[in-house]
């Protein structure tokens with residue numbers, strides 16, 4: 001069998017030799033032969049199809065660890081995985097498109113609302129939190145009320161985490177921006193949020209994650225830091241719309257870990273970003289286009305780590321209203337044997353308008 005040098009194979013595959021060396025190190029594309037003396041890599045012509053597939057997936061922006069997972073699948077399952085990845089990219093791109101459109105209108109001096117064509121958002125919401133099966137204290141917080149649903153997963157000794165989480169949510173509860181000013185109001189509120197949380201925690205090592213959805217007029221915004229998560233159920237499909245700020249997620253993004261390896265990694269709970277009072281914790285903020293029929297789920301890792309996304313999707317799709325969804329999701333965590341605290345909030349975008357702040361139900365906080 002005639003083998004190609006790395007240079008010849010790179011030209012045929014339209015990849016660089018540097019990329020081929022990296023793919024070899026990561027186990028994506030091993031050479032057919034490596035000279036034991038010189039270390040020269042040689043490839044078989046039959047490997048070109050796999051190499052081109054890797055190149056195409058990289059063109060989509062797919063992380064290397066996810067590419068490795070795709071390559072291990074049968075063709076049908078691989079196609080489904082690519083479709084799921086692209087749907088998430090599409091949703092994230094749509095969110096950025098909405099933000100760009102809003103900024104263009106804002107900078108052009110146009111007083112136009114962003115995202116939703118139905119006027120003032122009407123939202124129904126519910127939230128709940130549970131100590132879990134093992135923990136003696138509940139450091140998770142959940143809130144659902146006019147203009148805001150949020151979850152926070154506190155950390156630290158002697159209840160300092162719960163205090164930090166409550167402070168993070170309280171800082172957003174007071175926002176009442178006029179229509180069209182949600183983004184500016186959030187920027188002002190978040191400027192000193194980390195310091196407020198640090199002061200509220202009051203103990204070394206205290207801190208919290210924060211994931212929140214806020215709305216005003218026809219604008220809807222997502223605030224996120226840490227490893228609590230936000231999901232969007234739209235047209236029967238469930239999309240995760242937040243990115244974990246954890247060490248293992250950064251290793252997955254770099255292609256150093258697969259998703260399966262990350263799930264069992266001993267440092268999977270280690271956060272690289274959170275609200276701790278250190279001055280480094282500023283949440284991500286994004287504006288989103290809301291549609292009637294959308295259902296948002298916010299949850300701490302006490303739910304997302306122990307319950308598969310497909311089971312989350314099934315419950316969210318079947319629940320009659322947010323309150324039922326919250327009850328069933330907490331029960332799912334119990335059924336899965338989850339040892340951690342659990343917090344979740346669910347918000348439904350409804351047709352029509354009903355006053356400046358929408359409508360609610362089951363509003364309030366729990367921790």
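The values are calculated or read from the model by the stated rules, or taken from the named source; none is laboratory data. Only a predicted model underlies this, so the values are computations on that prediction, with no experimental measurement involved. We place every Cβ from the backbone using ideal geometry, glycine too, and count neighbours over all the protein chains shown.
Here are the numbers for the structure shown:
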read-out	value
Test result for residue 87, touching a residue at least 40 places away in the same chain (Cβ under 8 Å), under 25 Å from the mean Cα position of the chain (by Cα), surrounded by 12 or more Cβ atoms within 10 Å (Cβ to Cβ) and not assigned by TED's automatic domain parsing to the domain that holds residue 258	yes
Residue 288 vs. criteria within 26 Å of residue 193 (Cα to Cα) and not assigned by TED's automatic domain parsing to the domain that holds residue 26	yes
Qualifying position, being part of a helix (DSSP H, G or I) and either more than 20 Å from residue 141 (Cα to Cα) or not assigned by TED's automatic domain parsing to the domain that holds residue 316 (or both), among 251, 233	251
Test result for residue 154, under 20 Å from residue 228 (Cα atoms) and either surrounded by fewer than 16 Cβ atoms within 10 Å (Cβ to Cβ) or at pLDDT below 90 (or both)	no
Enumeration of residues in the range 161-175 that are more than 10 Å from residue 141 (Cβ to Cβ) and touching a helix residue (DSSP H, G or I) at 6+ places or on another chain (Cβ under 6 Å)	171, 175
Residue match in the range 197-218 (condition: modelled with pLDDT of 85 or more and in a helix (DSSP H, G or I))	yes
Selection from the range 17-71 of residues that are more than 18 Å from residue 251 (Cβ to Cβ), in a loop (DSSP other than H, G, I, E, B) and in contact (Cβ under 8 Å) with a residue 12 or more places away in the chain	29, 31, 32, 40, 60
Number of the condition not met by residue 275 [criteria: (1) over 28 Å from residue 331 (Cα atoms); (2) buried (at least 21 other Cβ atoms within 10 Å of the Cβ); (3) under 16 Å from the mean Cα position of the chain (by Cα)]	(3)
Matching entry among 140, 188, 244, 194 (being under 26 Å from residue 311 (Cα atoms) and either free of Cβ contacts under 8 Å to residues at least 60 places away in the same chain or more than 19 Å from the chain's Cα centre (by Cα) (or both))	244
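Okay, residues lined up against (1) surrounded by 12 or more Cβ atoms within 10 Å (Cβ to Cβ); (2) under 30 Å from residue 239 (Cβ atoms); (3) assigned by TED's automatic domain parsing to the domain that holds residue 250:
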residue: 8; (1), (2), (3): yes, no, no
residue: 18; (1), (2), (3): no, no, no
residue: 30; (1), (2), (3): yes, no, no
residue: 41; (1), (2), (3): yes, no, no
residue: 45; (1), (2), (3): yes, no, no
residue: 52; (1), (2), (3): yes, yes, no
residue: 79; (1), (2), (3): yes, yes, no
residue: 83; (1), (2), (3): no, yes, no
